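Reading through the structure tokens given below for one structure.
The values are calculated or read from the model by the stated rules, or taken from the named source; none is laboratory data. Everything numeric in this text was worked out from a predicted model, so none of it was measured. All Cβ positions, glycine included, derive from the backbone under ideal geometry; neighbour counts span all protein chains shown. Heavy atoms of the whole protein, side chains included, go into the accessibility calculation; ligands, DNA and RNA do not. Shrake-Rupley method; radii C 1.70, N 1.55, O 1.52, S 1.80 Å.
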Amino acid sequence: MILPARRLREDFPILRSTEKGRWVYLDSAATTQKPEAVLQAVEDYYRRYNANVHRGVYRIAAEATERYEEARRRVAQFIGGDPRGLIFTRNTSEAINLVAYAWGLDNLKEGDVILLTAAEHHSNLVPWQLVARRTGARLRAIPLDEEGHLDLSRLPELLDGVKMVAISHASNVLGTVNPVAEVARAAHEVGALVLVDGAQSVPRMPVDVQALGCDFLAFSGHKMLAPMGIGVLWGKPDILEKMEPFLGGGEMIGRVDWEGSTWREIPWKFEAGTPNVGGAIGLMAAVEYLEKVGMEAIARHEEALGELMARRLRELPGVKVYGPSGTRTGIVAFNVEGVHPHDVSQVLDEEGVAIRAGHHCCQPLHRLLQVGSSCRASVYLYNDEEDVDRLVEAVQKVREVFRVPG
Ligand code: C6P
């Protein structure tokens, strides 16, 4: 394998072996585990310089503000973006809602189209439904081919009347990576803006907003080694400058009077109230850890494990794997014939293997796959072939317990 996963696991207290043996975590697409470096950075903030930011002038308040703004610059650099466009949010969902409301309510009107894909997570579907209901805009979806890749053959037609293209970069179910740069070029030709849901790509491959050519990128810290409760919306500064705030409150204002208020400059215009300072500092530590391991190596490691996992599961009689047969990320959804995913997951848990079971917040996609739910195994930099063996052995056990034919 590309990465020394066994050695990397030592950096993650929760993944260290216990007397019961080694527990195999295969649910990193839901949330990743946290390395010592991140835990220490967060603890150091709370133990040594916990203070509100942009407010106090005493020593530790200045230090907290400095580190919070340093985190903004480091995370912006990680995605190749201008730090003035980097807004800290709670997660991907909040980042997408920010754009849907703050941009959508003022820029969409009756008959305008928001173009998504047929594989979107609810977080990149429901906010647009809510805003479409308020503005009279309509949703349209780019269809998928047999393997789950985007079918772009009708893209020019699909772009007719489109004002916003909001698409995921990597699917949280199918293991596919969408050709975002190609879609963005076509979208810009018809004057549409492009939002990329990077929740599953930013953690597992090099992502550069200039190369993607997107106007907005949303992602979550907790899926890339950082704590929960910190996420990012990056936007092109000139677009963000023209947008009204999403939430109102402390610190996002210029001057407040009973008659009205003015806003601070970006990015602070979009950060109302006390931010998650410890989370941002944790995200900076996570980004530094990821860069040390190397994003290119992480992507290749995941691809190799994803392909291996999909191939080994496909070889088992009665197991159906979704998504492409070729290159994929380390996210593999599957079903065992006649066994509910929750039962599969429970037997796997008894074998010390943690996976996710359900619709993975992608109900329309599961309807397209003609199933209500699925099992999903997802790897990260701390997984290796041994973990794939453990998964396959545990699925074999499921087949035995439930007497799956074949
Ligand atoms: N997917 C999964 O197990 P939040 O919850 O806001 O941090 O991320 C939302 C989100 C948006 N887009 C994609 C493609 C995602 O995968 C997710 C989160 C998790 O698949 C939790 S449902």
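Below, the figures for the structure above:
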| quantity | calculated |
| --- | --- |
| Filtered residues of region 184-213 (kept if within 16 Å of the ligand (Cβ to nearest atom), open to solvent by 10 Å² or more (accessible area, probe 1.4 Å) and more than 23 Å from Ala280 (Cα to Cα)) | Leu212 |
| Residues of region 12-36 satisfying the condition of being crowded, with 16+ Cβ neighbours inside 10 Å and either over 25 Å from Leu308 (Cα atoms) or among the basic types (Lys, Arg) (or both) | Lys34, Pro35 |
| Residue list for region 305-337, filter: of a type in the set (Lys, Arg) and open to solvent by less than 30 Å² (accessible area, probe 1.4 Å) | Arg328 |
| Tally of residues being within 20 Å of Ala71 (Cβ to Cβ) and not in a loop (DSSP other than H, G, I, E, B) across region 193-213 | 1 |
| Criterion (assigned by TED's automatic domain parsing to the domain that holds Leu233, away from the ligand (no atom under 16 Å from the Cβ) and out of contact with any Phe, Trp or Tyr (no Cβ under 9 Å at 6 or more places or on another chain)) met by exactly one of Leu144, Leu150, Leu125, Leu155 | Leu155 |
| Which listed residue is outside any strand (DSSP E or B) and under 21 Å from Leu3 (Cα atoms), from Arg390, Arg367 | Arg390 |
| Residues of region 125-162 classified as touching a residue at least 60 places away in the same chain (Cβ under 8 Å) and farther than 14 Å from Val183 by Cβ, total | 3 |
| Search result, residues across region 373-391 that are open to solvent by 10 Å² or more (accessible area, probe 1.4 Å) and away from the ligand (no atom under 16 Å from the Cβ) | Asp384, Glu385, Glu386, Asp389, Arg390 |
| Residue that is nearest to the ligand (Cβ to nearest atom) [pool: residues in region 356-372 that are open to solvent by 20 Å² or more (accessible area, probe 1.4 Å) and under 19 Å from the mean Cα position of the chain (by Cα)] | Cys361 |
| Flag for Ala71 being open to solvent by less than 30 Å² (accessible area, probe 1.4 Å) and within 16 Å of the ligand (Cβ to nearest atom) | no |
| Counted residues, region 78-88 - those being within 14 Å of the chain's Cα centre (by Cα) and open to solvent by 10 Å² or more (accessible area, probe 1.4 Å) | 0 |
| Answer from Gly221, Gly175, Gly249 - the residue that is at pLDDT 95 or above and under 12 Å from the mean Cα position of the chain (by Cα) | Gly221 |
